[in-house]
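Here's the structure we're looking at; comments come further down.
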Amino acid sequence: MIKSTCLKQKHFSFTLRHNYKNLHRSTFLQEIKDALDMLPVNNGNPCQVVDNIHSIFNDTMQKHTPLSRNRRKLLNKPWITKSLCKSIKEKNKIYRSLVKNGFENKVKFSYCKRYRNHLTHLLVLSKKEYCQSQCLIAKNDTAKTWKLTNTLLPGRTKATSTPPNLTHPLSGECKQNPADIANILNDFFVSVGKNMASKIIPPQSNKTHIAKMNCESSFYLHETSAEEIMHIIETLTEKKGTRHNDIPVKILKLCSEILSPFLAKLFNNCINQGIYPQNFKCAQVFPIHKSGLENVCTNYRPISVLSPFNNIFEKLFYDRLYHYVECKSMLSKHQYGFRAKLSTEFAIYDTVECILENLDQKIPTCAVFLDLSKAFDAVDHSVLLWKLEHFYGIRELPLQLFENYSHRREQYTVVNKCRSQTHQINCGLSQGSILSPLLFSLYVNDLPKASNFKTTLFADDTCLILANKNIDILEKMVDQEINKVDSWMRHNK
């Protein structure tokens, strides 16, 4: 008997999206411009100004691009063309006709088998051609290659949906309600870094005893311009998710010419006052399952979604800070993560080359590999700010701005469209933020100077290598240097 390939689950879901079909561009832009011209920027409260901008856009969009109910296909396979979709529907139609007649028509039954086999062959060919074309596009680009691999291999894609139940980490109670699951995950994400740090026994001395860097340079955060803002808006990705009631990136790009001068004044006002708007600091978190049991909180990674305005402002910070630390050669040459033109291949090559060189000279070599658990979640804000000031020369207003950036951050978690309560974050860096990877690199940047190990870093993955001709001496050296690394970890918990 022929089995139907019809999926048992729903083929479509329904979402509310803005309808841009009847958008009259010139009228829409003129209304936005007139409303923005009436807002005070230079002397106004930045938080209130941002709220007013959101209100203007939401009201105007509701008038010109009302929300409509859209049907979205749940399983999107790009290699299935429109003609193949028609063939699949035709095959299913034939099969339903056979089922209805109890498979009595042998001629139709034989035809259905041939049709199914031929369609399967065409689907395989179509997928093969799609994979070959995508491989050519992703050639020499590691990130695109891995993304393509994870998309094509079964079970490799990370789903943002959570299991039907989740075990509470404290009470052990099993929860099934999405709202309860969202609250449990949000409580866990907010507290995991602080709880881990509290279990680490602090060192005897204060943190200044490991400070081997003293920066004489000073970081200057210069103002932005409308042209720079417009360029950043054009680089924003429309496919990335936004929070509820955020202005869509498509609309920001449409209004970039009008909005850019206004945002430049707003951001310059924040820079000159050392203020980071509070409404930029609230993140919507989606839990991503990593591995292991799906009902355990520790097996989920929080991915933060922040407002597009925040992403523009953070990109300004990132460009200036990254240019500063690169020009001053402040980033360790042993750090390969989150840096332009560097990747895991360089880190692996550096490590393997060092080991092979020692082996060629018949020198015993010890390699210690560290994987820091919840590294981003455990970053201590006070230690980070202390390092920014003493190690990297970020002082006065720029330091005040970074302090304001890390202070009173908030987040809520969304599970199956159910939102948790909003909690304040007192520890850690948001995964999904533009600035967080660079700040984390600066946070661990002094680790190679904390010991005599040859240290290779790729974000939070660390390799420590030490070699000596006498293996007994090597063992003692490794013990001594590991204690130094342990001391650094305790100072920077």
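The values are calculated or read from the model by the stated rules, or taken from the named source; none is laboratory data. Please read these numbers as outputs of a predicted model, since none were measured by experiment. Please note: Cβ atoms are built from the backbone with ideal geometry, for glycine as well, and neighbour counts cover all protein chains shown. Calculation scope for accessible area: heavy atoms of the full protein, side chains included, ligands and nucleic acids excluded. Shrake-Rupley method; radii C 1.70, N 1.55, O 1.52, S 1.80 Å.
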Next on the checklist: If you average the alpha carbon positions of the range 462-493 and of the range 229-283, how far apart do those two centres end up, in angstrom?
Outcome noted: 46 Å
Checklist outcome for this item: Result for the chain: accessible area per residue, probe 1.4 angstrom, in square angstrom, of 57 Å²
Checklist outcome for this item: Between the modelled labels at GLU90 and SER110 (7 Å from Cα along Cα→Cβ) the distance in nm is 2.0 nm
Checklist entry - Can you give the angle from 0 to 90° between the axis of helix 178-198 and the longest principal axis of the chain, with both taken from C-alpha atoms, to the nearest 10? => result 20 degrees
Checklist entry - Toward the positive end of the charge dipole of the range 289-402, about the Cα centre and with charges on Cβ (Lys, Arg +1; Asp, Glu -1), which of SER304, LEU316, SER373 goes farthest? => result LEU316
Checklist entry - Between HIS244 and LYS199, what length comes free when the chain is fully extended (0.36 nm per residue of separation minus the Cα-Cα distance, one decimal in nm)? => result 12.6 nm
Checklist entry - To the nearest 500 deg cm²/dmol, what mean residue ellipticity at 222 nm is calculated for the chain from DSSP H runs of n ≥ 4 alone, each contributing -39,500 (n - 2.57), summed and divided by the residues? => result -16000 deg cm²/dmol
Next on the checklist: Over 20 Å between Cα atoms: which of LYS194/LYS417; LYS86/LYS113; LYS77/LYS147; LYS86/LYS240; LYS82/LYS113; LYS199/LYS493 fall into that group?
Outcome noted: LYS194/LYS417; LYS86/LYS240; LYS82/LYS113
Item to check | Kirkwood hydrodynamic radius over Cα pairs of the chain, then Stokes diffusion coefficient at 20 °C and 1.002 mPa s, in µm²/s | outcome: 80 µm²/s
Checklist outcome for this item: Carbon plus sulfur, as percent of the 1.4 Å-probe accessible area of the range 274-415, comes to 57 percent
Checklist entry - What's the angle, to the nearest 10 degrees (0 to 90), between helix 396-406's Cα axis and the longest principal axis of the chain? => result 40 degrees
Checklist entry - Using the alpha carbon gyration tensor of the range 346-487, what are the three equivalent-ellipsoid semi-axes (square root of 5 times each eigenvalue), largest first, in whole Å? => result 37, 18, 13
Checklist entry - Could you give the angle, 0 to 90 degrees to the nearest 10, between helix 106-137's Cα long axis and the longest principal axis of the Cα atoms of the chain? => result 30 degrees
Checklist entry - How fast does the range 289-350 diffuse by Stokes-Einstein, in µm²/s, taking the Kirkwood radius from C-alpha pairs at 10 °C and 1.306 mPa s? => result 106 µm²/s
Checklist entry - So how much accessible area does VAL414 have, in Å² to the nearest 10, using a 1.4 Å probe? => result 20 Å²
Next on the checklist: As a test question: what accessible area, to the nearest 10 Å², does ASP34 have when a 1.4 Å probe is rolled over all protein chains in place?
Outcome noted: 80 Å²
Checklist outcome for this item: In whole angstrom, the spacing between the Cα centers of the range 300-366 and the range 97-123 equals 57 Å
Item to check | Around SER430: net Lys/Arg minus Asp/Glu count, Cβ-Cβ under 14 Å | outcome: +3
Checklist entry - For the range 453-493, which whole-number percentage of the solvent-accessible area (1.4 Å probe, protein heavy atoms only) is attributable to carbon and sulfur atoms? => result 52 percent
